[in-house]
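Trainee: Quick one: structure below, then a few questions.
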Amino acid sequence: MFLLLPFDSLIVNLLGISLTVLFTLLLVFIIVPAIFGVSFGIRKLYMKTLLKIFAWATLRMERGAKEKNHQLYKPYTNGIIAKDPTSLEEEIKEIRRSGSSKALDNTPEFELSDIFYFCRKGMETIMDDEVTKRFSAEELESWNLLSRTNYNFQYISLRLTVLWGLGVLIRYCFLLPLRIALAFTGISLLVVGTTVVGYLPNGRFKEFLSKHVHLMCYRICVRALTAIITYHDRENRPRNGGICVANHTSPIDVIILASDGYYAMVGQVHGGLMGVIQRAMVKACPHVWFERSEVKDRHLVAKRLTEHVRDKSKLPILIFPEGTCINNTSVMMFKKGSFEIGATVYPVAIKYDPQFGDAFWNSSKYGMVTYLLRMMTSWAIVCSVWYLPPMTREADEDAVQFANRVKSAIARQGGLVDLLWDGGLKREKVKDTFKEEQQKLYSKMIVGNHEDRSRS
Amino acid sequence: MGAAHSASAEVRELEGKTGFSSDQIEQLHRRFKQLSGDQPTIRKENFNNVPDLELNPIRSKIVRAFFDNRNLRKGPSGLADEINFEDFLTIMSYFRPIDPTLGEEQVELYRKEKLRFLFHMYDSDSDGRITLEEYRNVVEELLSGNPHIEKDSARSIADGAMMEAASVCVGQMEPDQVYEGITFEDFLKIWQGIDIETKMHIRFLNMETMALCH
């Protein structure tokens with residue numbers, strides 16, 4: 001037992017020294033640059049190294065698969081059916097033309113064959129529909145050494161498995177604690193910093209300090225996730241009195257945007273840690289937080305947002321009009337509330353590169369904590385942000401058309417598919433009005449003919 | 001990994017029974033799992049998760065067709081409560097494109113199968129005849145969304161169409177002869193000579209694997 005003692009203190013010493021070293025490194029290489037907005041380029045180097053390793057790994061898998069004659073890649077997943085783009089009218093006319101032996105009759109009223117069109121359309125949508133595809137994570141075509149993204153993983157070679165094991169070790173035992181430490185530092189600095197700034201008298205100095213405290217903490221959080229972000233067109237960044245809208249993929253979007261500009265946040269008041277952060281933030285500069293009950297009242301929401309926007313000294317609002325997280329392959333319907341206010345809209349497109357880690361938050365599958373853990377154990381989050389030129393509502397447009405215009409611009413820039421469907425469909429059913437549209441179209445065709453007939 | 005081998009034997013069996021290729025079967029299996037929420041069977045409620053289907057006026061008939069025992073080849077009438085993947089594929093196989101290289105008899109057989117599927121959609125009480133009531137029911141469903149059409153016009157459209165069908169099948173009728181309804185043979189007669197192959201099948205994309213481009 002006595003022999004253990006000096007050994008014991010040796011271990012304790014070693015532990016103490018390594019922790020100090022780690023912390024100093026952390027401070028010097030990550031936190032200090034974050035405060036001053038300087039970058040050493042470590043993350044870009046990391047990204048390049050990872051890419052080389054992935055390419056090697058995929059090559060090995062290809063070779064291995066060829067030897068064993070396995071099918072390696074998932075089939076082209078943009079849809080399994082060739083859907084005909086013809087309209088309802090054309091198709092039905094064609095069916096009738098090919099069918100009708102009474103061809104002289106130009107306006108048949110109703111044919112047994114009319115049901116073909118709807119039957120086939122129904123079958124096609126059951127086989128493969130646009131909307132449900134959007135709500136599951138994007139599928140990759142090469143492997144990034146994360147077993148969670150590989151659907152075809154089979155044992156190929158020892159070297160590859162060793163590499164994967166090494167990857168797991170690095171991610172969970174080195175990167176994860178590092179990132180958690182950074183996140184902790186970032187959040188506590190935010191809370192403490194904003195509370196301290198809150199005690200200062202209102203004025204330019206306070207605004208200046210609060211902006212920078214916010215920025216610094218977001219930058220630290222960005223490094224906590226190892227997010228490698230490329231900003232494009234920074235001259236279009238949102239200004240005071242405007243509203244910034246962006247497509248929504250995950251809660252991290254907020255951190256990504258806010259680390260490059262100054263924004264006022266909008267959201268519901270939460271309890272717990274989020275609540276603490278929210279209360280601290282609002283002490284330093286005005287954000288718009290709504291109580292749960294107020295969220296339902298659209299007029300109240302619109303009023304508060306309008307008030308905020310009118311005051312030119314307040315920061316631009318950051319809003320995600322889709323209302324829910326989409327898997328970053330498309331942009332769904334924008335809710336019109338924020339477009340009715342009449343302020344200048346600054347659209348922003350965010351596109352994630354899924355190769356290093358899938359940022360999509362499937363809220364029906366994972367809770368917030370599980371999601372954050374997944375993020376922190378991925379290799380990195382790589383994304384591009386495009387600031388689009390500001391848009392205002394034109395005189396002859398209504399809010400919905402304006403929202404759609406902004407949506408198309410964002411979809412086009414980010415290379416995402418522009419969908420008409422409502423993101424709320426993740427949880428609810430389709431409105432009956434959509435069904436009636438189709439029926440109206442069909443019945444117009446038939447009854448129109450019927451009326452012609454009875455008149456003649 | 002060992003499961004992969006027994007799965008391919010099953011896949012081959014399904015290939016033989018339903019005529020889909022193994023790629024298509026795999027894709028459909030994924031779709032099945034998506035619809036069923038990873039359960040082994042699908043119930044009627046699972047079809048509510050397909051938003052595009054809501055647009056279709058005969059949605060309920062289509063969903064019903066999936067559970068119809070006549071289509072599943074499990075009996076002369078009635079509805080099943082739930083279907084498994086094999087049943088799903090059986091229904092989908094009615095919409096498989098017909099291989100033109102098959103012999104004439106085979107083609108005729110497949111054509112009959114497809115028309116029978118449609119017939120079952122009209123004939124909801126499984127008595128082997130499409131009566132006036134059932135016909136009216138279909139027309140009403142197709143036209144129900146339009147508030148401008150009264151029930152009467154929908155009825156008269158159905159009646160007119162039914163009379164035309166009767167004249168094709170039975171020829172001239174006595175004034176007091178009652179037309180029972182369209183039987184399957186009459187149904188076939190209406191469609192004689194008309195090419196339905198192009199309209200009653202779903203074209204699968206050629207699924208080629210994509211190469212890595214780094």
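Quick note: the coordinates plus some simple rules give every number you see, no bench work behind them. This is a predicted model, so every value here is computed, not measured. Positions of Cβ are backbone-derived with ideal geometry, glycine not excepted, and every protein chain shown enters the neighbour counts.
Trainee: Taking θ = phi - 60°, what integer Hz values does the Karplus form 6.51 cos²θ - 1.76 cosθ + 1.60 yield along the stretch A:291-302, in sequence order, with x for Gly and Pro?
Mentor: Working through the residues one at a time gives 6, 3, 5, 6, 4, 5, 7, 5, 5, 4, 4, 4 Hz.
Trainee: Can you work out the Karplus-derived ³J(HN,Hα) for every residue in the stretch A:179-188? Use 6.51 cos²θ - 1.76 cosθ + 1.60 with θ = phi - 60°, whole Hz, and x for glycine or proline.
Mentor: So the Karplus estimates, Gly and Pro as x, are 5, 5, 4, 5, 4, 4, 4, x, 5, 5 Hz.
Trainee: Which order do A:H299, B:H29 fall in if you start with the one that has the fewest other Cβ atoms within 10 Å?
Mentor: Placing the least packed residue first, the sequence is A:H299, B:H29.
Trainee: Can you compute the equivalent ellipsoid semi-axes for the stretch A:227-421, i.e. the square root of 5 times each eigenvalue of the Cα gyration tensor, sorted largest first and rounded to whole Å?
Mentor: Values: eigenvalues 120, 92, 54 Å².
Whole-Å semi-axes of the equivalent ellipsoid: 24, 21, 16.
Trainee: Could you list which residues have their amide H under 5 Å from that of A:D353, counting only those 5 or more apart in sequence or on another chain, with H placed in the peptide plane?
Mentor: Hits under the 5 Å cutoff: A:V382, A:C383, A:S384.
Trainee: Which one of A:G272, A:G337, A:Y231 is farthest out on the positive end of the charge dipole of the stretch A:227-421, using unit charges on Cβ (Lys, Arg +1; Asp, Glu -1) and the Cα centre as origin?
Mentor: A:G272
Trainee: Okay, next question. Which trypsin sites (Lys or Arg not before Pro) in the stretch A:338-416 sit in a loop by DSSP (not H, G, I, E or B) and have at most 14 other Cβ atoms within 10 Å of their own Cβ?
Mentor: Sites meeting the loop and neighbour criteria: A:K365.
Trainee: For the residue pair A:N202 and A:A181, what label-to-label distance in nm results when each label sits 7 Å from Cα along the Cα-to-beta-carbon direction?
Mentor: Placing both labels 7 Å beyond Cα along the Cβ direction yields 4.2 nm.
Trainee: Moving to a separate point now. Mind scanning A:K407/B:K44; A:K121/A:K407; A:K365/B:K44; A:K121/B:K44; A:K283/A:K407 and naming the pairs with a C-alpha gap bigger than 30 Å?
Mentor: Values: A:K407/B:K44 35 Å; A:K121/A:K407 28 Å; A:K365/B:K44 23 Å; A:K121/B:K44 18 Å; A:K283/A:K407 33 Å.
Distance filter (> 30 Å) returns A:K407/B:K44; A:K283/A:K407.
Trainee: Taking θ = phi - 60°, what integer Hz values does the Karplus form 6.51 cos²θ - 1.76 cosθ + 1.60 yield along the stretch B:133-139, in sequence order, with x for Gly and Pro?
Mentor: My calculation for the stretch B:133-139 gives 4, 5, 4, 4, 4, 5, 4 Hz in order.
Trainee: Under 5 Å between amide H atoms, partner at least 5 residues away or on a different chain: which partners does B:T183 have, H built in plane at 1.01 Å?
Mentor: B:I130
Trainee: Right, another one. Enumerate the residues in the stretch B:120-140 having an amide nitrogen under 18 Å from the point lying 7 Å beyond the Cα of B:F184 toward its Cβ.
Mentor: Counting only backbone N, you get B:120-131.
Trainee: For A:C244, what residues show an amide H to amide H distance below 5 Å, using hydrogens built from the backbone and excluding near sequence neighbours?
Mentor: Residues meeting the amide H criterion: A:I317, A:L318, A:I319, A:Y346.
Trainee: Where does each of A:S384, B:S21 land when they are ranked from fewest to most other beta-carbon atoms within 10 angstrom?
Mentor: Listing A:S384, B:S21 from fewest to most nearby Cβ atoms yields B:S21, A:S384.
Trainee: Using the count of nearby Cβ atoms within 10 Å as a rough guide to exposure, how do A:Y346, B:Y122 rank from fewest to most? Please report the intermediate quantities before stating the final value.
Mentor: Working: A:Y346 23, B:Y122 19.
Least to most surrounded, the residues fall as B:Y122, A:Y346.
Trainee: Can I ask one more? Would you please calculate the Kirkwood hydrodynamic radius of the stretch B:1-128 over all C-alpha pairs and express it in Å, rounded to one decimal?
Mentor: 16.0
Trainee: Can I ask one more? DSSP beta bridges in the stretch A:227-421, what fraction antiparallel, as a percent rounded to 5?
Mentor: Numbers: 7 of 28 bridges.
Around 25 percent of the beta bridges assigned by DSSP in the stretch A:227-421 are antiparallel ones.
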